[in-house]
Structures are given as structure tokens and as C-alpha cells.
Amino acid sequence: MSNILRQNWLLDRRTFLRGMGAAVALPLLDAMVPMNAKAATTAKPARSVFIYIPNGVNVLTWQVTKAGRDFEFSQGMKPLEKHRQNITIFSGLHHPNGAGQAHSCIDTWLTTARINQVLGPVYRNSVSCDQVMAELTGKETRIPSLELSVSSGIGKPFGTTTLAFSRDGVHLPAEENPRVVFNRLFSAEGGTSKEDQRRRLAQQRSVMDAVLSDAKSMRMTLGKDDQTKLDEYLQAVREVEQRTERIESWLNVPKPVLDKKEIAFFQRNVTQAEAGDYYRTMFELIVLALRTDTTRVVTYATGSENKGLAIPEIGIKHTRHELSHHNNDPAVMEVLTKSDIFLSQQFAWFLDRLQTVKDGDEPLLQRTMVLYGSGMSYGHSHQTANIPTIFAGGQALGLKHGQHIDYNLPKIEKYDLTDHSTYLHVCRRPMDDKARMSNLLLTMQQRMGVRTDRFADSINPISEVLA
């Protein structure tokens, strides 16, 4: 291992490596790990996956009505019943900063930030939970984190298409095409030699150095608003620079080979026109990235508040955004429930794969925490309390499941799902201010090995899920 590789290994690992060529290992071998990371890889890895669904759910067919362990699965979650012992269902969680910013739920699902556009045009976000984890685990993997979405890029302020934000609150771009992601992670960099790749990376650094130099000299001549925009641009350039340095640091790390059938599977032209095949292909890609230890942190937005896939294969022609504005029409709400069930089926399929694939002598799911949910509860009126949340896996990390943790019932005694007016108050405002989504995010960070006692507006970890 070269001295350059050892020196570069301590660089910041936060940036998503768009354009990075890589292959994978079955399993991760000692020869593939830079020397300074050897000690850290002796322990079995912890992993986290965050899966977002847009525009909430049909709350009347989603809500589980009994707390504890002998609950019955609701219609919207019925496909997950076979994973009862692998999941915890939450009711009553909320983001204290979430009120009034329903169209930006995806922006803040993992950051908890207050970014209400009504308060001003300047967009300010904070670091997302996944990136706090990636700062730790990214030191041991080819890429720190993997960002996936149904829409490539970052979207726009107050309507992003990615779940991940850097320590400076900068969007990390996501990718929607599974074949593109596969080739970036698991194929040689354009089929070129290491020497050609190093020359190309050197040229990129030269261009970035020139950009940074020119921008810095220009900054003092700009007004305050333009300086803010330029600073955001410079931060993005710096992250590209870090990414470039990281790519070079891994050039000497051997790239393993995949089975031909697996390669062929990901080289298919998978489109979003058939939602089920598309979702399962993306989930299979996540499984591959985790089991080969290419990364240990993944975010996947299966939709945003501005884009949720139609499901034509089961007769759903409308997007989730359209379905969420149902105006209490029973026929439209029935279709929304059908969409909820379909997404639960895809999630159950993903858990099946994590349970089937072995990580040493135990299922991959045992060392993988999966958070599934939305930043909105009742989409029709943009309510953001009682957000749908399912927490799965990670039993080997000290977690326990098979329960419904409900923060509403101690306040309301029982649910009445026969009428909107008697139920939706739990979606309009939190029944328990201390039931914060950030508490669950903090719990996940601690199980990943992050040494912290707080994340954003958290109060404490959730003891009910700790074994």
C-alpha cells in the first residue's frame, strides 16, 4: 500500500462519489482495506438504510389501534406481518419544526431543521442523520454513503429530491438509474488504466483549484446575497475536491468481481414505468452495496412531495401527490390505501432479501437498521404530526422489535377510525411533545457507534427498542 494511500485515508468522507468507478468484494478481504483502517474493521459492521415515502398515507387504513406486542397489523401494513419480530411500528412521532412546512417534508425528514419558505427566501438546512453516521463509518468503506432517489440530482430548495445533507446543510445529489449506480460502484472507471485515471483526476484538481482561486478573489466585490450563493457553490466545489482525493486513495485497492448473472441483472434497462420492478431493482442494489461493504449508509427517496410514482401494473394511474389530495372521497382514498399496501409489499420484499442474505453466520438484517416512513401523515391537509414510521432490523446491534410503540394512546385512550373529524386531531398536532422523530434518529446513531447524546432537537434515545 502506497504512502499516498495511507496519508489520504484520513480525509473527510462525507461526499457522495458521483462518477467514481469501483467494483465489489465477496466478501471484504484484508488486502482490500487501507492499512490505517485495519483495526477498525475487526468488529462486525453496523449499517443503516433510510427509505422515504412521500405525501403521507391513508391514515384511516394505516393506523394500528393497539399498543404493545399483541397488536394487529392495519390494512396498509398487512404485507409486513411476516416480519413482526423484525419491526417496531411507531405512532405519534413528529418533528417539532415540521409544522407549516409540509411541502418540504423530504428536506427535513433526516435533519429536523426549520426551513419554512414563508419565513424568507434563504434556504438553510442542517446535517442529516445519515451523514453523521457516514462521517464515522465512511472511513472503512469505498464510499461513505449512497444516495438514491426517484429523481436524480438535488431538486430545488424547499423541494429537494435527496434525503442527505452535509455538515454544512448542503444537498448531496442522488441518482435514480440503477444501472448508472451499479456501473459507478461496481465497474472499472471507464475501462481505463490506473495511470489514465490518475491523470484525469489531476486535471480535475487543476480545474477546481483555478475555480476556487477565481471565486475567492471575486467574493469581496459581491453583495451579501451573492456572497451567500457563492459560498454555497464553493462548498459544493470543495466537496467535489474531497471526492476526487478519495477516489485516488482507492485506486490501489483491488476491485472484486461479481457473478455474470448479477451483472446482467443490473445492466437491464429498468424504467419507472413498472414501479414494482424498479423499486425491487433499487432495493437489490442496496443489498449488494451493503453485503459487499461498499458502503454502510444508504438513503433512498422512493418519491418526493412533488414526485411519487404511479403504479400502472396494479391499475394506479395517479401519483401519490394526486392521491393524497383526495378531499375525503372514499373511492380515491381506497386507491391511496392500495398504493400504501403496494409500497409495504416492496418494503417487505426488501426485508426478505436482508433476512435471506448472510453476513457471516447471521442474516444481513441483524446488523442493518432500516427506517421506513414519511415526513407527512395526512396528505390532504398537509398534517405533519403522527408521521408514519416503521423501524426494522439491527437486533445484533442491541435492538428489539415485535411491538407497536404508541405516544398517542396515553392522551386519547382509543382511536376512532370511522370519522376523520374524531381522528385527525392526532395528525394536526402532537399528542406528546417529547415524542420526537429525532429521538429515534439519535437511537440509530448510537447503535451505529456514533458517540453522542443528542441529535438536533432530540431529548433522549428510545429505550423501548433497546435490548
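The values are calculated or read from the model by the stated rules, or taken from the named source; none is laboratory data. Not measured: the values here are computed from a predicted model. Backbone-built Cβ (ideal geometry, glycine too); neighbour counts: all protein chains shown. Surface areas here come from the heavy atoms of the whole protein model, side chains and all, with no ligands, DNA or RNA. Shrake-Rupley method; radii C 1.70, N 1.55, O 1.52, S 1.80 Å.
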Please compute the net charge surrounding Gly402, taking Lys and Arg as +1 and Asp and Glu as -1 over other residues with Cβ under 15 Å from its Cβ.
0
Report the accessible area of Ile286, computed with a 1.4 Å probe over the heavy atoms of all protein chains in place, in Å² rounded to the nearest 10.
0 Å²
Assuming a ≥ b ≥ c are the square roots of the Cα gyration tensor eigenvalues, decide whether region 254-412 counts as rounded (a/c under 1.5), prolate (otherwise, with a/b larger than b/c) or oblate.
oblate
Karplus (6.51, -1.76, 1.60) ³J(HN,Hα), θ = phi - 60°, over region 171-185, in Hz, Gly and Pro reported as x
4, 9, x, 10, 10, 9, 8, x, 5, 4, 4, 4, 5, 5, 8
Provide the convex hull volume over Cα atoms per residue for region 420-463, in Å³.
79 Å³
Cα-Cα P(r), region 304-374, percent of pairs per 5 Å interval:
4, 14, 20, 18, 13, 10, 10, 7, 3, 1, 0
Any idea of the accessible area per residue across region 369-467, 1.4 Å probe, to the nearest Å²?
38 Å²
How would you classify region 334-388 from its alpha-carbon gyration tensor, with a ≥ b ≥ c the square roots of the eigenvalues: rounded for a/c under 1.5, else prolate if a/b is greater than b/c, otherwise oblate?
oblate
Local net charge near Pro54, Cβ-Cβ under 13 Å (Lys/Arg +1, Asp/Glu -1):
-2
Find the centroid of the Cα atoms in region 162-189 and in region 78-112, then give the distance between the two in whole Å.
23 Å
Rg and Dmax of region 346-467, Cα atoms, in Å?
16.3, 51
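For region 46-113, state the semi-axes of the equivalent ellipsoid (square roots of 5 times the eigenvalues of the alpha-carbon gyration tensor), sorted largest first and rounded to whole angstrom.
Values for region 46-113, descending: 24, 16, 12 Å.
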